[in-house]
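Some notes on the structure that comes next.
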Amino acid sequence: MSQTDSSQPNVPRIRKLDPTVVKRIAAGEIIVQPANALKELLENAIDAGSTMIDVLVKDGGLKLLQLNDNGCGIAREDMPLLCERFTTSKLLRFEDLSLISTYGFRGEALASISHIARLSVVSKIAESPLAYKCYYTNGQTATLKFKQDPNCKPQPVAGNGGTQITVEDLFYNLPSRLHSLRSKNDEWIKILEVLGRYAVHSEGVGFSCKKMGEPHPSISTRPNASLKERIRTVFGTSVASELIEFDFPCEEFGLSSIKGAVSGFNYNNKRKIQPVLFINNRLVMCDPLKRAINSVFQVFLPKGNHPFVYLSLLIEPQNVDVNVHPTKQEVRFLFEDEILEWICGKIHDVLSERDNSRTFKQSVLKRTGENSVVDSLTVTTKKTRQENKMVRVDANQLKISAFIKPSDPKQSQILASSSQSSGWQVENPDSTFMEEVAVESSQIEDPRPTQRKESVYSQPLVISTSSRKKQEVKLDSVTELRNEVAASINRPLSNVFNNLIYVGIVDAEKRLCCFQYDVKLFLCDYGAVLAEFYYQVALAEFANFGELVLPEPLALRDILRPLYQQHSGLEPEDVVVERLMAMEDMFKEYFQLDFSNEKLHILPMLMKEVEPSKMKLPFFLYRLGTKVNFSSEKECLRDVSRQIALLYVPDRIESSGTGDENENKLLALQERNKLNATLEHTVFPSLRRNFVAPEALVPDVVQVADLPGLYRVFERC
């Protein structure tokens, strides 16, 4: 017996793997490449309620992958548990998986990263005066040199609200995985692809992604950008210009809604773009859905062309299994066949409605002389960069000032000291109100600036949303007014406004500002431009305005009285008020102007973050009662819309005046800076997207310089 045992070969014994090896293997299943790590970090940041996420990358994310967000942050007490496996704030019981609505839920992402990289976290919550920093390795806290030490405590540091996660030397302890990855540039492209897809889907969240050492980010989106603008930033103008958006509710098969966008028939793309698919706000790959959508487009697109597809499905959480794949890229859901058939039917309907016309590009060969021989293969001329014709700015590129909201306590003190009265108090308007009454030909004149230290109205307006549903306007007069705007278009000037880059205010008293288009610098009267722009906004939002509610209603006679005290020869006050009250219902129904009980309660809101001029209210009411033709519906609606537009045109700003000159200049400078920020970040971005420049504006826009001309004079720029 002993001889038999001794003759058998040595059999390998079964042993239990070391826990560190087990965790490292599991981490390699979840984090396959840097893009997977970024995906996990992005989802955590979005779950934290972030509105701005910045990503910094070095060597394709292998050397450095850093993410900054402005979310809720991580409490100091929770930081030691942050990188332990299966620790999460989003799940308590297994049954909660059926109702999960957040991106993360297993508590494995940061734990996995800490096993295969050097991880550090800086976080600050709103209630804490300081941020705290902690280092992690192998799921445990570590020292500054990443030596595992469970007794290490988070250290206080300076920091902004939110969280900064830094991943260094990814796969440093997995050399085989490191060597199996493609080039650093390929990993960088995958990172851009992942971030771009989340940027398209995440409404209300801004993203930026930059290579370390480069001056500008490769992707940069604004938090309040529209879906079309986000797609244009990530996938280019060729996709966005042919986009068809849709949003369909559903009450069948556990499907709540589908929304998204697809490219139209004039989008010619020979390269396949993977569909951007989100199910319950989770970026996934769903091959059955992808094949079904492609089968729909095969009916409409020429052979060899591929569509762009962005689709977001909301399915009841209990019908979705999110725990199918380690990377959470795949999901399964109930009633899959029925849901796919319903989605394909809706997309087919959307495409059928647009299948009216198509555009095809034709290549035309250039004719040459009989004796000339052209061999394109031998032409090796090198294109040289013409610096005097290079556009160095991008209208879609965000400035850092867009994210900064300056606060000036001294300004608050000055404004507070100048606003001693409670409620809205009407001061005597400047004498030049009468100039506007007399000058009928000018549509944009407003009072010359009065003393800056006087506050015409001391309390701010309150923004309110109307409770009524959006109305579809079917009035022939409104349609005619809109057609008149379209017919008066000056296409070259409209193209300038649609692609401008705002520079700044040149003269706030004369209402002049500069903007750049291509290599040209233009000077424009922004008073005239905004009067026309706000008129077009008033027509577009006709009968669907927002509301600006006065904190305390003001009697119409109290608003008008200073005008009559200063000037004679005006129409009687009773006549003006009587005309306004006679059309009270029309003002309220169409323009959100509430004159109930001969008091002003509500003003129409044309744009958020833009208030009407409080100085112009007396003049505004007087002209509504005297300069509106109430006998003709079309002229009445046009006149009222024009007056509302004039009310929103910014006041002139002048620093001179009696009293403390330094205080007046400081107030004027603060008002100019505030107006400049509003024009740059709110008004002109909206104007760039929605403005149709009429012929009448041509004299108000003047080219003052161009880059080639400056190079001729200075030989540089």
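Listed here are the helices (runs of 4 or more DSSP H) enclosed by segment 465-555 that have at least 1 residues being under 30 Å from Lys588 (Cβ atoms) and of a type in the set (A, V, I, L, M): 476-487, 526-540. Just one of (1) surrounded by fewer than 19 Cβ atoms within 10 Å (Cβ to Cβ); (2) in contact (Cβ under 8 Å) with a residue 60 or more places away in the chain fails for Ser112. It is (1). Selection of segment 139-156 for residues being closer than 19 Å to Leu64 by Cβ and either loosely packed, with under 14 Cβ neighbours inside 10 Å or of a type outside the set (A, V, I, L, M, F, W, C) (or both) yields Leu144, Lys145. Can you find even one residue in segment 638-649 that is over 25 Å from Gln565 (Cα atoms), crowded, with 16+ Cβ neighbours inside 10 Å and free of Cβ contacts under 8 Å to residues at least 24 places away in the same chain? Looking for residues that are over 25 Å from Gln565 (Cα atoms), crowded, with 16+ Cβ neighbours inside 10 Å and free of Cβ contacts under 8 Å to residues at least 24 places away in the same chain, one finds at least one in segment 638-649, hence yes.
For segment 701-717, the candidate set comprises residues that are at pLDDT 75 or above and not in a helix (DSSP H, G or I); within that set, the residue that is surrounded by the fewest Cβ atoms within 10 Å (Cβ to Cβ) is Val704.
Every residue, every condition in (1) closer than 20 Å to Leu42 by Cα; (2) touching a residue at least 24 places away in the same chain (Cβ under 8 Å), yes or no:
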residue: Val205; (1), (2): yes, yes
residue: His216; (1), (2): no, yes
residue: Arg222; (1), (2): yes, yes
residue: Arg232; (1), (2): no, yes
residue: Gly236; (1), (2): no, no
residue: Leu255; (1), (2): no, yes
residue: Phe265; (1), (2): no, yes
residue: Phe278; (1), (2): yes, yes
residue: Asn294; (1), (2): no, no
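In this structure, Val575 qualifies as surrounded by fewer than 16 Cβ atoms within 10 Å (Cβ to Cβ), farther than 19 Å from Val683 by Cβ, β-branched (Val, Ile, Thr) and touching a residue at least 24 places away in the same chain (Cβ under 8 Å).
So which residues in segment 233-279 are at positive phi, at pLDDT 90 or above and not in a strand (DSSP E or B)? Of everything in segment 233-279, nothing turns out to be at positive phi, at pLDDT 90 or above and not in a strand (DSSP E or B).
Against the list (1) in contact with a helix residue (DSSP H, G or I) (Cβ under 8 Å, 6 or more places away or on another chain); (2) buried (at least 17 other Cβ atoms within 10 Å of the Cβ), the condition Lys614 fails is (1).
Of the residues Ile30, Ile46, Ile53, Ile74, the single one that is under 20 Å from Ala142 (Cα atoms) and among the β-branched types (Val, Ile, Thr) is Ile74.
Scanning segment 301-336 for residues that are among the hydrophobic types (A, V, I, L, M, F, W, C) and modelled with pLDDT of 85 or more returns Phe308, Val309, Leu311, Leu313, Leu314, Ile315, Phe335. Residues of segment 165-201 that are assigned to a loop (DSSP other than H, G, I, E, B) and small (Gly, Ala, Ser): Ser183 alone.
Taking the stated definitions as given, is Glu214 at pLDDT below 90 and over 29 Å from Arg332 (Cα atoms)? In short, no. Within segment 51-80, the set of residues being among the hydrophobic types (A, V, I, L, M, F, W, C) and either within 24 Å of Val200 (Cα to Cα) or within 23 Å of the chain's Cα centre (by Cα) (or both) comprises Met52, Ile53, Val55, Leu56, Val57, Leu65, Leu67, Cys72. The set of residues from segment 524-545 being surrounded by fewer than 18 Cβ atoms within 10 Å (Cβ to Cβ) and either closer than 22 Å to Arg623 by Cα or modelled with pLDDT of 95 or more (or both) comprises just one member, Ala543.
Can you name the residue in segment 115-137 that is in contact with a helix residue (DSSP H, G or I) (Cβ under 9 Å, 6 or more places away or on another chain) and of a type in the set (Val, Ile, Thr) and, of all such residues, is surrounded by the fewest Cβ atoms within 10 Å (Cβ to Cβ)? Selected residue: Ile125.
So that you can scan it fast, the table gives a plain yes or no per residue for (1) touching a helix residue (DSSP H, G or I) at 6+ places or on another chain (Cβ under 8 Å); (2) at pLDDT 95 or above:
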{"position": "Asp639", "(1), (2)": "no, yes"}
{"position": "Ile644", "(1), (2)": "yes, yes"}
{"position": "Asp651", "(1), (2)": "yes, no"}
{"position": "Thr658", "(1), (2)": "no, no"}
{"position": "Ala668", "(1), (2)": "no, no"}
{"position": "Asn673", "(1), (2)": "no, no"}
{"position": "Asn676", "(1), (2)": "no, no"}
{"position": "Pro685", "(1), (2)": "no, no"}
{"position": "Pro699", "(1), (2)": "no, no"}
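Looking across Val628, Val683, one residue alone is buried (at least 18 other Cβ atoms within 10 Å of the Cβ) and outside any helix (DSSP H, G or I). It is Val628. When the test is whether a residue is crowded, with 16+ Cβ neighbours inside 10 Å and at pLDDT below 95, Ile501 passes it.
Within segment 253-268, being closer than 15 Å to Ile293 by Cβ and either polar (S, T, N, Q) or touching a Cys at 6+ places or on another chain (Cβ under 9 Å) (or both) holds for Ile258, Ser263.
The values are calculated or read from the model by the stated rules, or taken from the named source; none is laboratory data. Quick caveat: nothing in here was measured; it's all calculated off a predicted structure. Heads up, the Cβs are rebuilt from the backbone with ideal geometry, glycines too, and the neighbour counts pull from every protein chain shown.
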